[in-house]
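To start, the structure itself, in structure tokens.
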Amino acid sequence: MKILKISSLLVFSLLALASCKKDDKETAKDLLTSDTWIQTDYRSDDNGDGELTADESSIDACEKDDATNFTDDGKYTYNDGANVCDPSSPNEGSGTWTLSSDEKKLTIEESGFSLAFDIVSLTKSELVLRIDFLGLQETTFKH
């Protein structure tokens with residue numbers, strides 16, 4: 001009877017270990033497409049010294065509910081949310097996105113206009129993008 005209990009315990013333990021197999025590392029694509037991203041911070045190099053700074057007014061209240069979604073098929077959509085900055089402009093848009101092969105650059109394209117961002121960091125809960133377009137800028141998004 002003891003041998004049956006020990007054997008059962010051993011088999012159960014092996015099954016439990018097999019089911020706890022470590023998941024493969026999530027790719028940048030997996031992380032980008034996992035949820036809706038909301039802009040939470042914006043920093044820029046206002047005086048050209050290479051130092052990124054933010055102040056309380058770096059994100060307008062109307063931008064704090066802006067949402068961006070990336071889909072597996074290489075498309076993205078954004079929505080200005082209920083609090084719109086400019087009622088005369090469209091509050092929704094869409095385009096396509098691609099990642100560089102090393103997953104360090106995110107390129108977005110909309111209406112024939114393309115921008116390539118450096119991915120400063122990308123985790124399950126935070127995305128930080130940097131671009132040097134009309135001055136150095138960095139934007140943080142969270143879920």
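The values are calculated or read from the model by the stated rules, or taken from the named source; none is laboratory data. Here the structure is a predicted model, which is why all the values come from computation and not from measurement. Every residue, glycine as well, gets a Cβ built from its backbone with ideal geometry; the counts of neighbours run over all protein chains shown. Heads up: the accessible areas ignore ligands, DNA and RNA and are worked out on the full protein's heavy atoms, side chains in. Shrake-Rupley method; radii C 1.70, N 1.55, O 1.52, S 1.80 Å.
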List the number of the failed condition for Thr36; all other conditions in (1) touching a residue at least 40 places away in the same chain (Cβ under 8 Å); (2) loosely packed, with under 15 Cβ neighbours inside 10 Å; (3) more than 30 Å from Glu26 (Cα to Cα) hold. (3)
Cβ pairs under 8 Å, 6+ apart, first in the stretch 82-110 and farther than 20 Å from Leu127 by Cα and touching a residue at least 24 places away in the same chain (Cβ under 8 Å), second open to solvent by 90 Å² or more (accessible area, probe 1.4 Å) and among the aromatic types (Phe, Trp, Tyr): none
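For the stretch 110-131, indicate whether the set of residues that are outside any strand (DSSP E or B) and open to solvent by less than 40 Å² (accessible area, probe 1.4 Å) is non-empty.
Keep residues of the stretch 110-131 that are outside any strand (DSSP E or B), which gives 111-112, 123-125.
From the residues that got through so far, the ones that are open to solvent by less than 40 Å² (accessible area, probe 1.4 Å) too are none.
There is no residue in the stretch 110-131 that is outside any strand (DSSP E or B) and open to solvent by less than 40 Å² (accessible area, probe 1.4 Å).
Can you go through Ser88, Ser101 and tell me which one is hydroxyl-bearing (Ser, Thr, Tyr), closer than 18 Å to Leu31 by Cβ, open to solvent by 50 Å² or more (accessible area, probe 1.4 Å) and part of a loop (DSSP other than H, G, I, E, B)?
Values: Ser88 fails: closer than 18 Å to Leu31 by Cβ.
Within the list Ser88, Ser101, the selection yields Ser101.
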Kindly list, by first and then second residue, each pair from a residue in the stretch 130-143 that is modelled with pLDDT under 80 to a residue that is open to solvent by less than 80 Å² (accessible area, probe 1.4 Å) and of a type outside the set (Gly, Ala, Ser), limited to pairs with Cβ atoms under 6 Å and residues at least 6 apart or on different chains. Gly135/Asp45; Leu136/Asp45
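Take Ile59 and tell me if it is assigned to a loop (DSSP other than H, G, I, E, B) and surrounded by 13 or more Cβ atoms within 10 Å (Cβ to Cβ).
Values: assigned to a loop (DSSP other than H, G, I, E, B): yes; surrounded by 13 or more Cβ atoms within 10 Å (Cβ to Cβ): yes.
It is true that Ile59 is assigned to a loop (DSSP other than H, G, I, E, B) and surrounded by 13 or more Cβ atoms within 10 Å (Cβ to Cβ).
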Can you say whether Asp66 is open to solvent by 50 Å² or more (accessible area, probe 1.4 Å) and out of contact with any His (no Cβ under 8 Å at 6 or more places or on another chain), as far as the supplied structure shows? no
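Residue by residue, here is whether (1) of a type outside the set (A, V, I, L, M); (2) over 13 Å from the mean Cα position of the chain (by Cα); (3) modelled with pLDDT under 90 holds:
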site: Ala61; (1), (2), (3): no, yes, yes
site: Asp80; (1), (2), (3): yes, yes, yes
site: Ser89; (1), (2), (3): yes, yes, yes
site: Ser94; (1), (2), (3): yes, yes, no
site: Phe117; (1), (2), (3): yes, no, no
site: Thr123; (1), (2), (3): yes, no, no
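Which residue out of Thr96, Thr139 is in a strand (DSSP E or B), open to solvent by less than 60 Å² (accessible area, probe 1.4 Å) and under 21 Å from Asn79 (Cβ atoms)?
Working: Thr96 fails: open to solvent by less than 60 Å² (accessible area, probe 1.4 Å).
That would be Thr139, the only listed residue that is in a strand (DSSP E or B), open to solvent by less than 60 Å² (accessible area, probe 1.4 Å) and under 21 Å from Asn79 (Cβ atoms).
Kindly provide the set of residues from the stretch 111-129 that are of a type in the set (A, V, I, L, M, F, W, C) and without any contact (Cβ under 8 Å) to a residue 60 or more places away in the chain, ordered by number.
The initial filter retains those residues of the stretch 111-129 that are of a type in the set (A, V, I, L, M, F, W, C), namely 113, 115-117, 119-120, 122, 127-129.
Phe113, Leu115, Ala116, Phe117, Val120, Val128, Leu129 - these are the residues of the stretch 111-129 that are of a type in the set (A, V, I, L, M, F, W, C) and without any contact (Cβ under 8 Å) to a residue 60 or more places away in the chain.
Is it fair to say Leu52 is at negative phi, within 18 Å of the chain's Cα centre (by Cα) and open to solvent by less than 80 Å² (accessible area, probe 1.4 Å)?
The answer is no for Leu52.
Thr71 - would you say it is surrounded by fewer than 17 Cβ atoms within 10 Å (Cβ to Cβ) and closer than 15 Å to Thr36 by Cβ? It would help to see each step written out before you state the result.
On the way: surrounded by fewer than 17 Cβ atoms within 10 Å (Cβ to Cβ): yes; closer than 15 Å to Thr36 by Cβ: yes.
The answer is yes for Thr71.
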